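Notes follow once the structure below has been shown.
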Amino acid sequence: MIRREKDGVPYYVFEAFDHQDGIMHAVFTRIGGISRPPYQALNVGRSVGDELQAVNENHRVAYKALAVSDTDVVTAWQVHGSHVAAVGLSDAGTVVAETDALITNQPGVTLMLRFADCLPIFLYDRAKRIIGLGHAGWRGTSAKVGPQMVSAMIEHYATDPVDLVAGLGPAIGPCCYVVGEDVAQAVKATLHEYQDAIRRGGDGEFYVDLWEANRQQLFDRGVREVEIGSICTSCHAGEFFSHRADGGKTGRFGALMGIRKPA
């Protein structure tokens, strides 16, 4: 991924999307906002215990860096599931209930979700200019939220999966993501070649690779171009919020994707 900075606010972009005309996207870090510990600094999560005034200011800072308005943004109340909502201009400025992925084909709509170890999934249909943004922890991965996004884009917009480009953003990596056997089995059940996505360490623990598991799932659904942003949020907890590294008391970093209105 490419690291950029605007007015002291760093964010990452995918090379695959960076030169797509009219497509805006970013994965923000925890740097550049005003929240106090343990949410320092650019926390965009409103349900983690942070002061609402600080969170609102952090949203403003992030939106300003990308030249979007809060009235353009559609977000979701994330529940670690696989429900996908197709949204449009009438949904701008709202929060979609119990949803972990958003898709749209409408210029002027910006999708936003929040993360702290879970995997951001970006999808772009370069033939029809359709975008999707999803949230996948182990529950979302075992529920195949990525393939559900592809299916929703086919259903609502007649997307051909071969036209899709995917970006899998910063998340807890297989170096740090120790899980119980039940979690490993739940993810394993969704994969045809689980060895690259789930391994058992010398310590006897199970380690899950969310990037590889979701890459496999998207490939099986017909997506052939996937860029993986291999930044472990737990290893880099000074730059990203990490539920695991921060002991469960932490903020959320934002991921956004939108279709610009024509000039």
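Here, each number is a calculation from the coordinates, and none is a lab measurement. Just so we're clear, the structure is a prediction, and the values are computed from it rather than from any experiment. Here the Cβ is made from the backbone with ideal geometry for all residues, glycine too, and neighbour counts use every protein chain on show.
So which strands (runs of 3 or more DSSP E) are wholly in segment 131-231 and hold at least 3 residues that are touching a residue at least 60 places away in the same chain (Cβ under 8 Å)? Steps first, please.
Values: elements: 164-168, 198-200, 206-208, 225-228.
Ranges flagged: 164-168, 225-228.
Quick one: in segment 182-210, of everything that is among the charged types (D, E, K, R) and in contact with a Pro (Cβ under 9 Å, 6 or more places away or on another chain), which residue is surrounded by the most Cβ atoms within 10 Å (Cβ to Cβ)? Give the steps one after another, and end with the answer.
Residues of segment 182-210 among the charged types (D, E, K, R): 182, 188, 193, 196, 199-200, 203, 205, 209.
So of that shortlist, the ones also in contact with a Pro (Cβ under 9 Å, 6 or more places away or on another chain) come out as 199, 209.
Working: Arg199: 14, Asp209: 23.
Here the residue is Asp209.
Here is a list: Ala76, Ala92. Which entry is touching a residue at least 12 places away in the same chain (Cβ under 8 Å), crowded, with 22+ Cβ neighbours inside 10 Å, within 29 Å of Tyr39 (Cα to Cα) and small (Gly, Ala, Ser)? Before the answer, list the steps.
Numbers: Ala92 fails: crowded, with 22+ Cβ neighbours inside 10 Å.
Only one candidate qualifies: Ala76.
Among the listed residues Ala26, Ala85, Ala101, Ala16, identify the single one that is touching a helix residue (DSSP H, G or I) at 6+ places or on another chain (Cβ under 9 Å) and either polar (S, T, N, Q) or surrounded by fewer than 20 Cβ atoms within 10 Å (Cβ to Cβ) (or both). Working first, answer last.
Working: Ala26 fails: either polar (S, T, N, Q) or surrounded by fewer than 20 Cβ atoms within 10 Å (Cβ to Cβ) (or both); Ala101 fails: either polar (S, T, N, Q) or surrounded by fewer than 20 Cβ atoms within 10 Å (Cβ to Cβ) (or both); Ala16 fails: touching a helix residue (DSSP H, G or I) at 6+ places or on another chain (Cβ under 9 Å).
Matching residue, one of Ala26, Ala85, Ala101, Ala16: Ala85.
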Within segment 75-111, how many residues turn out to be over 22 Å from Trp138 (Cβ atoms), assigned to a strand (DSSP E or B) and either in contact with a Ser or Thr (Cβ under 6 Å, 6 or more places away or on another chain) or of a type in the set (Lys, Arg) (or both)? 1
Please specify each residue of segment 14-57 satisfying the condition of being in contact with a Leu (Cβ under 9 Å, 6 or more places away or on another chain) and free of Cβ contacts under 8 Å to residues at least 40 places away in the same chain. Gly32, Gly33, Ile34, Arg46
Here the residues within segment 114-123 that are crowded, with 24+ Cβ neighbours inside 10 Å and of a type outside the set (Gly, Ala, Ser) are Phe115, Asp117, Cys118, Leu119, Pro120, Ile121, Phe122, Leu123
